[in-house]
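Here's the structure, in structure tokens; my notes come after.
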Amino acid sequence: MSHLSKELKTLKGLIVPSQWDNNGKITGIAVSCFDEEEYQILMDEIGRGLMGFLHKQVEIFGQCTGRNRTKTIRVKGFSINDWTDLIDEREN
């Protein structure tokens, strides 16, 4: 029997493609979190807005639903973090 839970969470990670149509066009995205969890992004208006930020670091807030191994987030808000803001101390 599967367990369904709903909770509000803030996630940090990268936006990655997760679904494609038969022509190779991206039709779904996920956030791949730094703790190696992955959440499918619900493709409502806000979710579709994240399609333009593939491979960008994000912080998203939303309602998470988990059923067994499948996790989904309905995004309520997000911010994009630019990798260029990170400083590699080895270069100094």
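The table below lists the values:
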| read-out | value |
| --- | --- |
| Selection from region 68-82 of residues that are assigned to a loop (DSSP other than H, G, I, E, B) and touching a Ser or Thr at 6+ places or on another chain (Cβ under 9 Å) | ASN68 |
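For (1) modelled with pLDDT under 95; (2) outside any strand (DSSP E or B), each residue gets a yes or a no:
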residue	(1), (2)
GLU7	yes, no
VAL16	no, no
THR27	no, no
ARG48	yes, yes
GLY52	yes, yes
GLY62	no, no
GLY66	yes, no
ILE87	yes, yes
ARG90	yes, yes
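The values are calculated or read from the model by the stated rules, or taken from the named source; none is laboratory data. Being a predicted model, the structure only gives us computed values, none of them experimental. So basically every Cβ, Gly included, is an ideal-geometry build from the backbone, and we count neighbours across all protein chains shown.
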